[in-house]
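K.L.:
One structure coming up, written as structure tokens, with questions to follow.
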Amino acid sequence: MSPERAFLSGMYRAALEAVDPARAVRRALGEPAVRARLRQGRRVGVFAVGKAARGMFEGVRASAGGALLVLPRGSPSIDRPGVEVCFSSHPEPDRSSVEAARRAVEFFSGFSREDVILCLVSGGTSSLLCFPVAGLSLAAKRRRVRELSRSGASIAELNRLRTSLSRIKGGGLGRVTKAALVTLVLSDVPGDRPALIGSGPTLRRSRGDLVRVVASNATGLEAAAEYARRRGLFPLVRRARLQGEAAGEGGRIARSVRRLPAGRVLLAGGETTVTLPRRAGRGGRTLELALSAALVLEGSEGTLLAASSDGRDGSSRAAGAFADGTTIERSRVRRLSAALALSRHDTEPFFEELDDLLVTGPTGTNVCDWVFAIGPRTLI
């Protein structure tokens, strides 16, 4: 691995460490207001759901009132007394998601006014818990969400639709119990608005409830920036959040990288979109961003890493990919077409052939995506 790639990989690891779910939950549980609210409960139950649910639950030392975890299918289970684990579907809901939602309703219904439920919510919740409104089938709900997603809609737009089609999103789950709720969320949405994270199933706006965002994309950016500072470099955090079509953002980021002076590092965070046809190849947002950036970086000395925080970009097996001034030249030698890969949304095979993928496996967290880049002569 080149020094540039090793450096960018180090920034990515630093960002991941900063948004570690267990550590973030332990910090939040140490806050006086949160600690005091939990102590007021006769019983304290724990409910954890989302792609980071397992990690968030590991930050809880005890669950005397019982616990229910809803994890993506294929996740490692947890073997603790009094802990029930449900596995359901992601990124699209299926019958297991409906069963998990029904079980969550039963769990919440078992607590009274004297009790408290600690709710740990992260991205992916919208798919893992699915309870369509009366008269709407699961198939119809999936079709409507899929159509909006393929149009390139933002996560906020998708979650608003999901909420309108659900009995439990938008605070619906929280309203089935009289217990006080303490909700800790790991943010994967723009602006870190708790109501949009996982479509806000426990946010019912009750006076006795507490809500805290325990970590976000910005948390990781700051840690990555500090990683660069400790190595004598000057980080430039892009004010504009990554958004819109991934291909367009890739070009904009790459043009900024070409203008970077020596000693400067560019950082950006957020979540782009990809408008997909009915049939698409293997890839995702960060891979399309990286490949689009490679077209602009051709012939330059800049190097870029675009990667998802959860370790899996779209339908690919990779977290993301590296791009630099040699990417397009090396692809031509192997008779690969960047334009064709982008048009077919089949970017994973392109980067795999060049050995430019970043493969991490599931990271256990989920706070959207990051882009880290360095300009020419930065590591000399």
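K.L.:
Restricted to the range 40-92, and to residues that are out of contact with any strand residue (DSSP E or B) (no Cβ under 7 Å at 6 or more places or on another chain) and among the acidic types (Asp, Glu), which residue is farthest from Val25 (Cα to Cα)?
P.N.:
Glu92
K.L.:
Further question on the same structure: So which residues in the range 343-380 are open to solvent by less than 30 Å² (accessible area, probe 1.4 Å), more than 20 Å from Ser2 (Cβ to Cβ) and either of a type in the set (A, V, I, L, M, F, W, C) or over 21 Å from the mean Cα position of the chain (by Cα) (or both), if there are any at all?
P.N.:
Hits for the range 343-380 are Val367, Cys368.
K.L.:
Kindly check whether there is at least one residue in the range 151-163 that is touching a strand residue (DSSP E or B) at 6+ places or on another chain (Cβ under 8 Å), of a type in the set (A, V, I, L, M) and over 28 Å from Ala62 (Cα atoms). Spell out the reasoning first.
P.N.:
Narrowing the range 151-163 to residues touching a strand residue (DSSP E or B) at 6+ places or on another chain (Cβ under 8 Å): 152-154.
If we keep only those that are of a type in the set (A, V, I, L, M) as well, we get 153.
Applying the additional criterion that residues be over 28 Å from Ala62 (Cα atoms) yields 153.
Yes, because at least one residue in the range 151-163 is touching a strand residue (DSSP E or B) at 6+ places or on another chain (Cβ under 8 Å), of a type in the set (A, V, I, L, M) and over 28 Å from Ala62 (Cα atoms).
Here's the yes/no breakdown for (1) among the aliphatic types (A, V, I, L, M); (2) within 24 Å of Asp356 (Cβ to Cβ); (3) touching a residue at least 60 places away in the same chain (Cβ under 8 Å):
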site: Arg229; (1), (2), (3): no, no, no
site: Gly232; (1), (2), (3): no, no, no
site: Pro235; (1), (2), (3): no, yes, no
site: Gly248; (1), (2), (3): no, yes, no
site: Pro261; (1), (2), (3): no, no, yes
site: Leu266; (1), (2), (3): yes, yes, yes
site: Thr272; (1), (2), (3): no, yes, yes
site: Pro277; (1), (2), (3): no, no, yes
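K.L.:
Still on this structure, I have one more. Since Ser126 meets every condition but one in (1) over 26 Å from the mean Cα position of the chain (by Cα); (2) among the hydroxyl-bearing types (Ser, Thr, Tyr); (3) assigned to a helix (DSSP H, G or I), which condition does it not meet?
P.N.:
Condition not satisfied by Ser126: (1).
K.L.:
Same structure, new question: Working carefully through the options Gly30, Gly82, Gly74, find the one that is free of Cβ contacts under 8 Å to residues at least 24 places away in the same chain, within 21 Å of the chain's Cα centre (by Cα) and open to solvent by 20 Å² or more (accessible area, probe 1.4 Å).
P.N.:
Gly74 is the lone residue from the list that is free of Cβ contacts under 8 Å to residues at least 24 places away in the same chain, within 21 Å of the chain's Cα centre (by Cα) and open to solvent by 20 Å² or more (accessible area, probe 1.4 Å).
K.L.:
Filter the range 281-297 down to the residues that are open to solvent by less than 50 Å² (accessible area, probe 1.4 Å) and aliphatic (A, V, I, L, M) and list them by number.
P.N.:
Quick first cut of the range 281-297, residues open to solvent by less than 50 Å² (accessible area, probe 1.4 Å) only: 281, 283-284, 286-294, 296-297.
Within the range 281-297, Leu287, Leu289, Ala290, Leu291, Ala293, Ala294, Val296, Leu297 qualify.
K.L.:
Let me ask another. Is it the case, given these coordinates, that Asp313 is open to solvent by 10 Å² or more (accessible area, probe 1.4 Å) and among the acidic types (Asp, Glu)? Quick ask: steps written out before the conclusion?
P.N.:
On the way: open to solvent by 10 Å² or more (accessible area, probe 1.4 Å): no; among the acidic types (Asp, Glu): yes.
Against the criterion (open to solvent by 10 Å² or more (accessible area, probe 1.4 Å) and among the acidic types (Asp, Glu)), Asp313 does not qualify.
K.L.:
For the range 113-137, how many residues meet the condition of being surrounded by fewer than 16 Cβ atoms within 10 Å (Cβ to Cβ) and closer than 16 Å to Ser166 by Cβ?
P.N.:
Within the range 113-137, the first condition is being surrounded by fewer than 16 Cβ atoms within 10 Å (Cβ to Cβ), and the residues that meet it are 113-114, 133-137.
Next, only the ones that are closer than 16 Å to Ser166 by Cβ stay: 133-137.
Summing the residues that are surrounded by fewer than 16 Cβ atoms within 10 Å (Cβ to Cβ) and closer than 16 Å to Ser166 by Cβ in the range 113-137 gives 5.
K.L.:
For the range 277-380, give me every one of the strands (runs of 3 or more DSSP E) that falls completely inside it and has 2 or more residues that are more than 23 Å from Met11 (Cβ to Cβ) and touching a Leu at 6+ places or on another chain (Cβ under 6 Å). Talk me through it step by step, then tell me what you get.
P.N.:
Details: elements: 303-308, 320-324, 369-374.
Those strands (runs of 3 or more DSSP E) do not exist here; none qualify.
K.L.:
Within the range 95-112, does at least one residue satisfy the condition of being polar (S, T, N, Q), surrounded by 13 or more Cβ atoms within 10 Å (Cβ to Cβ) and under 17 Å from Lys169 (Cα atoms)? Explain how you work it out, then say what you get.
P.N.:
Of the residues in the range 95-112, the ones polar (S, T, N, Q) are 96-97, 109, 112.
Next, only the ones that are surrounded by 13 or more Cβ atoms within 10 Å (Cβ to Cβ) stay: 96-97.
Then keep just the ones that are under 17 Å from Lys169 (Cα atoms); that gives 96-97.
So far as the range 95-112 goes, yes, one or more of its residues are polar (S, T, N, Q), surrounded by 13 or more Cβ atoms within 10 Å (Cβ to Cβ) and under 17 Å from Lys169 (Cα atoms).
The values are calculated or read from the model by the stated rules, or taken from the named source; none is laboratory data. What you see is a predicted model, and the numbers here were worked out from it, not measured in a lab. Positions of Cβ are generated from backbone atoms using ideal geometry, with glycine treated the same way; all protein chains shown enter the neighbour counts. The accessibility values were calculated without ligands, DNA or RNA, using every heavy atom of the protein model including side chains. Shrake-Rupley method; radii C 1.70, N 1.55, O 1.52, S 1.80 Å.
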